[in-house]
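Okay, so here's the structure we're looking at.
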Amino acid sequence: MPPLPHGARLSLAHRLLDSRLLRGEADVLQGHHNTNYVIRLGLRLGLALGAPPFTRAKYRVPLKTVEVVPRIWPSEAEVLEVVCRHLPEVPRCLAVLGESGERSLHRYRRGEALSERNPAGAVDERLMREFAAFFVRAAEVPVDELPPLPADWPADGDGDAFLHWLVDFTEQQVHRPNRERFGALFDTLGIPHDAMARFKERHRGLASRPFALLHTDVHRANILVHRGRIAVIDWELAMYGDPLHDLAIHLVRMGYEPAERVRMVELWTRAMTEAGRTDLTAELQKDLEVYLAFEYAQSVYTDVMRPALDLPADAGDQHFEVAAGRVRRALGRAQQPLLLNDVLPAEEEIVEALRTWHSTDSRSGPATTVRREASRRNPAELRALRATAERISRGRCVLFDFDGPLCRLFPNGSAALADELRKAVAARGAMNCLPADALISDDPQVVLRAVDRHCPDRELLTELEACLVRGEIDAAREAPATEGAADFVRLLTRERVRLAVTTNNSPQAVAVFVDRIGMGKNFAGRIHGRTGDPKRLKPDPDCLLRALGQLGADAADAVMIGDTATDLAAAEAAGVSFVGYAFDEQAAKVLREAGAPVVVTRFEDLASMIPW
């Protein structure tokens with residue numbers, strides 16, 4: 001058999017990965033920028049990727065968050081292709097997946113994250129020497145092998161231009177976009193409008209040091225230790241610039257004690273000197289202080305916003321006190337770099353400022369990343385999303401459509417099955433019963449409905465129903481699961497939410513699918529699909545009403561998740577709240593234009609808003 005084309009292999013790999021994730025066959029590692037799923041490659045998945053079967057890999061799914069750190073290279077895979085040639089201990093990227101290449105699969109590196117082994121304590125000198133050696137090796141990666149730099153990137157060695165680019169990013173991409181929402185809080189805390197502009201004006205005259213590859217996120221969670229050696233992972237924030245910036249970030253985010261910080265700088269300087277890179281140590285102490293000051297200055301915005309966003313909707317005194325402590329620490333670190341007031345606000349003043357902000361920002365749920373994503377919605381949809389999330393928490397009843405929210409039943413289209421139904425109609429000599437839309441439609445249900453409306457032959461209708469059931473069952477045996485659906489279903493089950501499937505597909509096909517991916521117990525006996533009477537298909541609310549009756553739920557307590565205007569109409573007819581699920585923004589636009597008050601493209605957007 002000839003090998004599959006590259007695109008087909010990636011498509012197969014994507015389907016196999018989704019299948020494994022939705023069967024719960026992965027360990028989940030949550031990061032600031034990605035959700036990481038550690039899985040073992042089976043035979044088919046390994047062969048599809050050209051990787052050794054039965055080894056472990058890490059599947060990375062980026063979180064949709066507000067941009068708070070610069071990312072100059074959109075493809076981490078391209079960066080890793082270069083890095084792994086020079087730092088072979090770094091796990092290489094096996095494949096870039098997803099319709100827009102937003103996901104990636106990486107080799108799994110053996111080792112224990114330093115954040116687990118030593119989350120906050122002192123770091124022994126042997127490891128610090130490893131860190132220093134890493135910075136030298138990163139600095140020696142040839143720039144001409146790296147991906148192209150942005151057109152406006154500072155010239156090599158221009159320290160002032162590099163620092164000012166970082167300052168401008170903080171002002172234009174972090175501070176200003178969040179000013180409308182957090183401006184009053186910033187003002188109350190004494191953070192001036194022009195804080196970054198003044199910082200930029202005060203810091204000029206940095207020495208010229210050759211630029212190098214920077215990781216920009218070398219902290220305990222990104223350092224794996226195995227047999228005393230380290231590997232630095234997660235290169236999505238890599239950039240090209242002044243190596244002192246990388247060192248400053250490392251010193252701050254490692255949480256070193258003062259003596260450790262001094263020693264780490266000594267070891268870094270010695271390692272660079274021994275490698276013949278004294279050009280990178282020019283005016284080190286003076287300029288390193290500037291980069292340290294910038295690290296504290298730029299982080300004040302995120303370190304104020306994050307505690308505020310982490311407050312749950314029903315935050316109590318303890319929540320506000322914890323958040324105020326985090327905010328005050330951030331203000332204390334930024335006090336000198338940003339020339340804040342000599343006297344910082346007391347914690348009780350910060351608590352009051354957070355209470356005021358919280359009361360006017362009216363959010364639900366504790367998950368920061370999704371709330372950031374939700375904040376980009378228009379206000380009406382955001383209010384509707386919050387109301388829907390609260391209804392799920394209060395009413396604890398969710399009805400899922402099948403094809404779309406739970407799977408892609410016919411990922412390659414259902415035209416062949418529609419043709420099979422038309423052949424059965426032709427064999428009965430009943431083609432004259434089919435209107436024009438049923439003659440050309442790729443949807444077999446259009447054919448089924450047409451025969452029900454226009455053909456008196458009830459035996460033909462029974463034959464078509466049996467044919468459609470067989471086709472849907474065959475499709476359900478291979479259908480890829482919808483991303484994030486199984487995690488969401490498991491979350492709802494843990495929280496004792498009553499669940500049911502309400503679909504125009506056959507209940508037999510649904511049962512085959514949910515059993516195959518390990519969700520059978522989540523919907524056991526609660527699958528309400530086609531009954532053999534096409535008149536009862538959505539937009540008729542029949543399947544929703546059957547589900548509500550079985551669950552003993554009031555319509556006012558229930559939420560339906562569907563992906564079509566027909567689902568929306570059925571939900572409205574049943575008096576049930578509706579959430580539209582869309583695979584992409586184009587589908588989301590169609591649902592909004594149909595009148596859906598809430599549309600999500602990721603289940604996390606809804607899950608993280610629910611105030612359990």
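Remarks
- Residue count for the range 234-290, restricted to those that are aliphatic (A, V, I, L, M) and free of Cβ contacts under 8 Å to residues at least 12 places away in the same chain: 2.
- Any chance R383 is basic (K, R), open to solvent by 60 Å² or more (accessible area, probe 1.4 Å), assigned to a helix (DSSP H, G or I) and closer than 22 Å to K589 by Cβ: yes
- Qualifying residue in the range 433-451 (condition: among the polar types (S, T, N, Q), outside any loop (DSSP other than H, G, I, E, B), under 36 Å from the mean Cα position of the chain (by Cα) and closer than 24 Å to A511 by Cβ): yes
- The condition of being farther than 20 Å from D487 by Cα, in contact with a helix residue (DSSP H, G or I) (Cβ under 8 Å, 6 or more places away or on another chain) and free of Cβ contacts under 8 Å to residues at least 60 places away in the same chain holds for only one of G552, G580, G575, that being G575.
- Residue within the range 407-419 that is of a type in the set (A, V, I, L, M), free of Cβ contacts under 8 Å to residues at least 60 places away in the same chain and crowded, with 19+ Cβ neighbours inside 10 Å present: yes
- Failed item, numbered, when H14 is tested on (1) within 18 Å of the chain's Cα centre (by Cα); (2) of a type outside the set (A, V, I, L, M); (3) at pLDDT 80 or above: (3)
- Unique match (being among the small types (G, A, S), modelled with pLDDT of 95 or more and either open to solvent by less than 40 Å² (accessible area, probe 1.4 Å) or within 23 Å of the chain's Cα centre (by Cα) (or both)) among A588, A582, A571, A596: A571
- Some residue of the range 349-365 being open to solvent by less than 30 Å² (accessible area, probe 1.4 Å), at pLDDT 90 or above and among the polar types (S, T, N, Q): no
- Count - residues of the range 297-344 that are open to solvent by 40 Å² or more (accessible area, probe 1.4 Å), under 16 Å from T356 (Cβ atoms) and of a type outside the set (D, E, K, R): 2
- In the set (1) open to solvent by 40 Å² or more (accessible area, probe 1.4 Å); (2) touching a strand residue (DSSP E or B) at 6+ places or on another chain (Cβ under 7 Å); (3) touching a residue at least 40 places away in the same chain (Cβ under 8 Å), A500 fails one condition alone, (1).
- Residue pairs whose Cβ atoms lie under 9 Å apart, separated by 6 or more positions or on different chains, with the first residue in the range 107-119 and farther than 30 Å from P53 by Cβ and the second acidic (D, E) and assigned to a loop (DSSP other than H, G, I, E, B), are N118/D124.
- Subset of the range 108-155 (residues that are assigned to a helix (DSSP H, G or I), more than 18 Å from R263 (Cα to Cα) and either among the acidic types (D, E) or open to solvent by 80 Å² or more (accessible area, probe 1.4 Å) (or both)): E116, R117, R137, D144, E145
- Contact map, the range 195-223: residues that are among the hydroxyl-bearing types (S, T, Y) paired with residues that are surrounded by 22 or more Cβ atoms within 10 Å (Cβ to Cβ) and part of a strand (DSSP E or B), Cβ distance under 6 Å, separation 6+ or inter-chain. Pairs shown: T216/M239.
- Being within 30 Å of the chain's Cα centre (by Cα), without any contact (Cβ under 8 Å) to a residue 12 or more places away in the chain and open to solvent by less than 20 Å² (accessible area, probe 1.4 Å) holds for only one residue in G562, G520, and it is G520.
- Among the residues making up the range 156-170, a single one is farther than 30 Å from R329 by Cα and open to solvent by less than 40 Å² (accessible area, probe 1.4 Å): G157.
Residue-wise test of (1) over 24 Å from R263 (Cα atoms); (2) basic (K, R); (3) out of contact with any helix residue (DSSP H, G or I) (no Cβ under 7 Å at 6 or more places or on another chain).
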residue	(1), (2), (3)
Q285	no, no, yes
L288	no, no, no
A293	no, no, yes
V304	yes, no, no
L309	yes, no, no
G316	yes, no, yes
A330	yes, no, no
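- Residues that are open to solvent by 60 Å² or more (accessible area, probe 1.4 Å) and basic (K, R) within the range 527-551 comprise K535, R536, R546, listed in sequence order.
The values are calculated or read from the model by the stated rules, or taken from the named source; none is laboratory data. Treat the numbers as computed from the prediction; the structure is a model and nothing was measured. No Cβ is skipped: glycine too gets one built from the backbone with ideal geometry, and neighbour counts run over all protein chains shown. Areas reflect the complete protein model, heavy atoms only, side chains present, ligands, DNA and RNA absent. Shrake-Rupley method; radii C 1.70, N 1.55, O 1.52, S 1.80 Å.
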